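The values are calculated or read from the model by the stated rules, or taken from the named source; none is laboratory data. All of these numbers come straight from a predicted model, not from anything done at the bench. To get the accessible areas, we keep the full protein, side chains included, count just its heavy atoms, and leave off ligands, DNA and RNA. Shrake-Rupley method; radii C 1.70, N 1.55, O 1.52, S 1.80 Å.
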Amino acid sequence: MKIKEVIEHLEKKFPLEWQEDFDNSGMQCGDKEQEISGALVCFEFSDQVIQEAIDLKANLIVAHHPLIFGSGLKKVEPNNRVGRMVCKAIENKLVLYSMHTNVDSGINGGNEAFAQKLQLQNALVLDPKNPMAEAKEQVGLGKIGNLPQPMLLKDFLSYVKKCLAIPVVKYSGDLNRVINKVAVCGGAGGSLISTALRAGADAFVTGDVRYHDFFVPDNQMVIVDVGHYEGEHFIKELLYDELIENFSNFAIHFSKLDKLDILYI
């Protein structure tokens, strides 16, 4: 089987046209016409992940975040992070492939998984690309739905930490406020704060929220920052499961080396 056949399946499940305009999902580098020897699924490309694929004899790496992203790349040299990985991948005949906002926005994609983590009921797309489409066919960033039951913010914060298996969150709001309707967006969702507010969310759970963003709701909605990685790392499980369920003629591996450890002291 050729690598391009695997990619064709993934793009049928999560078409590239679902990605945001700013994104660079899809092929990052390599020759997809070659026979596949194995696949490695990860969250983030790194030197360690590329070496992991080489050691496993896997010539396809499927990651969530693109390697080439927003950099205006004009040349490839091994003297910087991106160039070094591209050169090593090509040297070892690896294909690097990204499934980013096409999965975030996609049907049964990353934000759907996020909503399920919090057990949101009757969740709909928060920022649909085509508002006129039927709910089950909607694609777009974020989800919004109701909690299984209303709870005070102080209890909701504990609930979020438990559901996402994380030790801390950053928030702004009255701990005695009642939370029922919740919006989520994996990764960096600061641009959707006003959208969540207009949709009537009591709380918006996302990552990478800037200091001044917390002022935007003007105390009309709680913002909960769980972190970028923490709100979407489970997407690699989604990608891994998609491959495992549909391909049995090559080895599929789950990366053990793809998390950037950011420590707090």
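Tabulated results
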{"read-out": "The chain, accessible surface, carbon-and-sulfur percent (1.4 angstrom probe)", "value": "50"}
{"read-out": "Helix-only CD estimate at 222 nm, as mean residue ellipticity for the chain, using -39500 (n - 2.57) per DSSP H run (n ≥ 4)", "value": "-8000 deg cm²/dmol"}
{"read-out": "The stretch 67-137 shape via C-alpha gyration tensor axes, a/c threshold 1.5", "value": "prolate"}
{"read-out": "P(r), alpha carbons of the stretch 176-217 - 10 Å bins starting at zero, rounded %", "value": "31, 59, 11"}
{"read-out": "22 Å Cα-Cα threshold exceeded, pairs from LYS12/LYS75; LYS88/LYS256; LYS117/LYS236; LYS117/LYS161", "value": "LYS12/LYS75"}
{"read-out": "Mean projected area in nm² (Cα convex hull; one quarter of hull surface) for the stretch 144-265", "value": "9.4"}
{"read-out": "Distribution of pairwise C-alpha distances over the stretch 43-170, 10 Å bins, in %", "value": "11, 28, 25, 24, 11, 1"}
{"read-out": "For the chain, diffusion coefficient by Stokes-Einstein and Kirkwood Rh (Cα), 4 °C, 1.567 mPa s, µm²/s", "value": "67"}
{"read-out": "Other-chain or far-sequence residues with amide H under 5 Å of PHE43's (modelled H)", "value": "HIS64"}
{"read-out": "Karplus 3J(HN,Hα) series, Hz, for the stretch 165-177 with 6.51 cos²θ - 1.76 cosθ + 1.60 (x for Gly, Pro)", "value": "6, 10, x, 9, 9, 10, 8, 9, x, 7, 4, 9, 5"}
